Amino acid sequence: HGGGYVMGSVNTHRALIGRIARASGYKALAVDYRKAPENPYPAAVEDAVNTYKQMVRDGYENIFLMGDSAGGGLVLALLQIIRKEKLQKSAGCVLLSPWTDLTLSGDSMQTKKDVDPMAQPHLVEIFAKRYYADNDPKNPLISPLFADLKGFPPTYIQVGDNETLLDDSTRIARKMNDSGVKVKLDIFPKMMHVWQYFGGILPEANKAIEQIGEFVKSINVRTKSEKLEALEV
């Protein structure tokens, strides 16, 4: 879950996580990672990595990594470490309005600030500084936009058209595509930051969650058929 690396918990996100799990037909594990400013980078990344390693040890396969906002950035940091340490590969990745650039260099930071009720540039900047603290915000584990994305699993990104963080999604999607990653980007008209939160209330949120479920199922079908082919050989 997101919250700018500063706030939010499994409790604030329980309903959203539950709806996504139900749509996907999967069990969900929510990581209550340590928050800044008390625990700045790399605490959140360490918590994500340790949780993933534990899941692998416990025998889970087909692990999908999902995160909204800062949680999306955290997923992209985890994927870099999975690749570096040659851990079991993740089956797929879902990013909801991911925060991929803590240098705040996207044009949408300014062009969308009048229509984004949530992620105002001055607030985003405060969260960013609390999280990266004495570190370089261009560190790819802090701002995955600057990372090498080769070998990442199939990825589905959802973002609203009214978000200051819009360019954090469009730029990472373009970069993934250029790196040979299978990526699908859906930009929802007139939607704000993590509108999926309003599942059960907002039709666009229900639609978004349904599409996450379809993405997971499409990959699941593929991995199952690949396993069958392997058995037949």
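Before moving on, here are some points about what is shown:
- In nm, spacing of pseudo-spin labels at Lys27 and Asp114 (7 Å Cα→C-beta vector): 5.1
- Helical contribution to [θ] at 222 nm, DSSP H n ≥ 4, -39,500 (n - 2.57), averaged over the chain, rounded to 500: -14000 deg cm²/dmol
- Value in Å of the Kirkwood radius, where region 67-118 supplies the Cα pairs that are averaged: 12.6
- Extension reserve of the Asp148-Tyr60 stretch, reckoned as 0.36 nm per residue once the Cα distance is removed: 29.0 nm
- Considering only Gln54, Pro117, Pro153, and ranking their Cα positions along the charge dipole of the chain that arises from unit charges at the beta-carbon of Lys, Arg, Asp and Glu, the one farthest toward the positive end is Gln54.
- Net dipole in debye of region 1-155 [+1 Lys, Arg Cβ; -1 Asp, Glu Cβ; about Cα centre; nearest 20]: 460
- Charge tally for Met176 (other residues, Cβ to Cβ under 12 Å; Lys, Arg +1; Asp, Glu -1): +4.
- Kirkwood estimate for region 86-220, i.e. one over the average of 1/r between Cα atoms, Å: 15.6
- Cβ crowding within 10 Å averaged over residues, with 160-169, 15-24 ranked highest first: 160-169, 15-24
- On the principal axes of its alpha carbon atoms, region 94-145 extends 31, 25, 17 Å, with the longest extent given first.
- Think of the chain as having a plus end and a minus end, set by charges on the Cβ of Lys, Arg, Asp and Glu; of Ala23, Phe188, Val10, Ala23 sits farthest toward the positive end of this dipole.
- Using a simple spin-label model with pseudo-atoms 7 Å out from Cα toward Cβ, Glu125 and Met7 lie 1.9 nm apart.
- Too-long pairs where the Cα-Cα distance tops 31 Å, listed order kept, from Lys138/Lys184; Lys89/Lys113; Lys53/Lys175; Lys86/Lys138; Lys84/Lys182; Lys138/Lys182: Lys89/Lys113
- Rounded to the nearest 0.05, the FRET efficiency derived from the C-beta distance between Glu85 and Asp161 at R0 = 30 Å is 0.20.
- Long-range tail of P(r) for the chain (Cα pairs > 33 Å, %): 11
- For region 123-165, dividing the convex hull volume of the Cα atoms by the residue count gives 93 Å³ per residue.
- For the chain: relative contact order, % (alpha-carbon pairs under 8 angstrom, 6 or more apart): 22
- Convex hull volume of the Cα atoms of region 25-149, normalised per residue: 119 Å³.
Read the figures in this text as sums done on the coordinates, not as results from a lab. Keep in mind the model is a prediction, meaning the values are calculated, not measured. Virtual Cβ from ideal backbone geometry, glycine too; neighbours counted across all protein chains shown.
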